[in-house]
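The values are calculated or read from the model by the stated rules, or taken from the named source; none is laboratory data. The structure presented is a predicted model; accordingly, all values stated were derived computationally and were not measured. Positions of Cβ are generated from backbone atoms using ideal geometry, with glycine treated the same way; all protein chains shown enter the neighbour counts.
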Amino acid sequence: MPVFKLTDKIAFPDPTQAEADGLLAVDGDLKPERLLLAYSLGIFPWYSEDSRIMWWSPNPRYIVEPKNLKRSKSLERTLRKNQFICQFDTNFEAVIRACAQTNRKEEDGTWITEEMIEAYIRLHRLGFAHSVEAYFEGKLIGGLYGVSLGKVFFGESMFFKKRDASKVALSYLCSQAEIWNFHFIDAQVKTDHLISLGAIEIERKEFLFRLNKALEYPSCKGKWTVENKNKDINK
């Protein structure tokens, strides 16, 4: 099946027409309108600094259901110590830049280019991209970021500078997402790390069905704050 070449028109081909490896289209841009449309269709950008913009819709897909996050015994002990302070949207740019600087075994270099950083900062300012931060003694030592539409959080990347910090941030997000009745967190593709945290594999057809159901709800736009903690946003 051919890979589609995008034009200036804000549109995507049917995500089920992706290649076997999940690649659907190339080119286009990272304007907010295109990114938001992509996520609403189960498509996301992923490319390296020296390549064209590449858009993906993998099959199968991996998701984390907030209530089913696996918290290991060691993570449970860390959580009981209550040594990290977690917050939403207090330093989005620092989180995404820390994610970009993190070396990962499965990657050669980073896919979070300066172009990507600027694009997601724009989405954050528009109230669609969010960060979860973990602080220790006043310093940012872990976190994650992603995009939220309807009752879905599309996870993009995470980092840690102190053991378990990113897992604590994810735990915080899942606890909050469960309160807000989020349907799932999109984990995109398989990694051993995500599997250990409870990510499950589903077929793209099921993913798109569940996504469409979740998008029937209003998006939780704007800055996420602790004041939302015990409220179901846009129930």
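If only residues of region 179-217 that are of a type in the set (Ser, Thr, Tyr) and either farther than 25 Å from GLN83 by Cα or surrounded by 21 or more Cβ atoms within 10 Å (Cβ to Cβ) (or both) are counted, the one that is modelled with the lowest pLDDT is THR191.
Considering only helices (runs of 4 or more DSSP H) fully contained in region 39-136, which possess at least 3 residues that are surrounded by fewer than 17 Cβ atoms within 10 Å (Cβ to Cβ) and modelled with pLDDT under 95? Even if it seems obvious, please write down each step before you answer.
Details: elements: 73-81, 92-101, 114-125.
Fully inside region 39-136 and qualifying: 73-81.
Checking each residue in region 42-82 for being out of contact with any strand residue (DSSP E or B) (no Cβ under 8 Å at 6 or more places or on another chain) and touching a residue at least 40 places away in the same chain (Cβ under 8 Å) picks out SER48, GLU49, ASN59, LYS67, LEU69, LYS70, ARG71, SER72, SER74, LEU75, THR78, LEU79.
Of the residues making up region 1-21, not a single one is touching a residue at least 60 places away in the same chain (Cβ under 8 Å), outside the structural domain of GLU203 (by TED's automatic domain parsing), on the phi > 0 side of the Ramachandran plot and touching a helix residue (DSSP H, G or I) at 6+ places or on another chain (Cβ under 9 Å). Within region 1-27, being farther than 26 Å from LYS190 by Cβ and part of a loop (DSSP other than H, G, I, E, B) holds for THR7, ASP8, LYS9, ILE10, ALA11. Touching a helix residue (DSSP H, G or I) at 6+ places or on another chain (Cβ under 9 Å) and either among the polar types (S, T, N, Q) or crowded, with 22+ Cβ neighbours inside 10 Å (or both), is that true of GLY142? Yes; evaluated as a whole, the condition is true for this residue.
Taking the criterion of being modelled with pLDDT of 90 or more and surrounded by fewer than 16 Cβ atoms within 10 Å (Cβ to Cβ), the residues of region 218-235 that qualify are PRO218, LYS221, GLY222, LYS223.
Any residue that is out of contact with any Ser or Thr (no Cβ under 8 Å at 6 or more places or on another chain) and surrounded by fewer than 19 Cβ atoms within 10 Å (Cβ to Cβ) - is there at least one of those in region 164-178? Break it down into steps so the answer makes sense when it comes.
Restricting attention to region 164-178, the residues satisfying the condition of being out of contact with any Ser or Thr (no Cβ under 8 Å at 6 or more places or on another chain) are 165-166, 169-178.
Still in the list and also surrounded by fewer than 19 Cβ atoms within 10 Å (Cβ to Cβ): 175, 178.
Looking through region 164-178, at least one residue is out of contact with any Ser or Thr (no Cβ under 8 Å at 6 or more places or on another chain) and surrounded by fewer than 19 Cβ atoms within 10 Å (Cβ to Cβ).
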